[in-house]
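As structure tokens, the structure follows; a few thoughts come after it.
The values are calculated or read from the model by the stated rules, or taken from the named source; none is laboratory data. All of these numbers come straight from a predicted model, not from anything done at the bench. Methodologically, a virtual Cβ is constructed for each residue, glycine included, from the backbone with ideal geometry; neighbour enumeration extends over all protein chains shown. Heavy atoms of the whole protein, side chains included, go into the accessibility calculation; ligands, DNA and RNA do not. Shrake-Rupley method; radii C 1.70, N 1.55, O 1.52, S 1.80 Å.
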Amino acid sequence: MSLRKRIENSERLVNAVGRLVLLYLNLVQRTTQWQSDGVEELRAAMAEGPVLLVMWHSRLMMIAHHWPVESGSLSSLHDTSPIARVVGAVHRQRRLQPMKMSVKVSNIVASRTVLKRVNEGVSIGLTADGPLGPALQLKDPPLEWARATGLPIFCYAFSTTRQRRAASWDKLLIPRLFGKGAYVFARFPQKVPRKPDGDELANLRKDIASFIDASTARADAMIDLPHGP
């Protein structure tokens, strides 16, 4: 049986693989010379309530280490794929509150659970182009959750000088040890109305995607790297 199938069938294996991934990312966090931008603005926003955090799928690896959990928790929404479940295990072990979104659960039930967490002061995080792409194209969930919750939108991105890219649809950035790194939290300046018309929705989709791109480019530029996916 393949590792993928074994992960699909065993929560114990999911947690074990998650612990191994977490150990590696802990080493990355400790051995990388990090600089950051926008953390204080995020903290200030969280002092008033939870936020909606979005990022490109390719830049998700370090969010559990960069999120200021002492200022408030984050509930990352993920699917039921093996990789997503391992990421969820990493987030749980970092004292975050990941939430598995299953096709077996109705949209109404899932929405109630998410809104309950928002009402408890928990921020919501999700990949803007995930879980299956196409890469760097904003999908519907960020807009839907922004409309439903009314939360301010923040974008996240990280970059490192020592990295490799996975042979995946998103070219996932996998950080390596002993590099220089940067991460960015940036507040999207617009508010998403609860009932945008078609033109408003199209413009918001374009503007949010461009803003995530700009935040990602900012993280790359902080360590003198060319902008990448």
### Task
Select from the stretch 31-75 the residues that are part of a strand (DSSP E or B) and open to solvent by less than 20 Å² (accessible area, probe 1.4 Å) and write down the one among them that is farthest from D140 (Cα to Cα).
L74
### Selection within the stretch 122-132 - surrounded by 17 or more Cβ atoms within 10 Å (Cβ to Cβ) and not in a strand (DSSP E or B)
V122, A128, D129, G130, P131
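Quick grid of which residues meet (1) crowded, with 16+ Cβ neighbours inside 10 Å; (2) charged (D, E, K, R):
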| position | (1), (2) |
| --- | --- |
| A146 | yes, no |
| L151 | yes, no |
| T161 | yes, no |
| W169 | no, no |
| P175 | yes, no |
| K191 | no, yes |
| N203 | no, no |
| A209 | yes, no |
| T216 | yes, no |
### Task
For the stretch 205-224, state whether one or more residues are without any contact (Cβ under 8 Å) to a residue 60 or more places away in the chain and touching a helix residue (DSSP H, G or I) at 6+ places or on another chain (Cβ under 6 Å).
no
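The rows are residues; the columns are (1) among the hydroxyl-bearing types (S, T, Y); (2) farther than 22 Å from L27 by Cα.
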site: I83; (1), (2): no, no
site: A89; (1), (2): no, no
site: L115; (1), (2): no, yes
site: V118; (1), (2): no, yes
site: T127; (1), (2): yes, yes
site: L132; (1), (2): no, yes
site: P141; (1), (2): no, yes
site: R162; (1), (2): no, no
site: L177; (1), (2): no, no
### Query
Taking into account only those residues within the stretch 177-189 that are open to solvent by less than 30 Å² (accessible area, probe 1.4 Å) and among the aliphatic types (A, V, I, L, M), which is farthest from L143 (Cα to Cα)?
A182
### Residue satisfying condition, being without any contact (Cβ under 8 Å) to a residue 24 or more places away in the chain and surrounded by fewer than 17 Cβ atoms within 10 Å (Cβ to Cβ), within set A110, A135
A110
### Message
For the stretch 163-176, give me each residue that is in contact with a Leu (Cβ under 7 Å, 6 or more places away or on another chain) and within 24 Å of G38 (Cα to Cα).
### Response
Q163
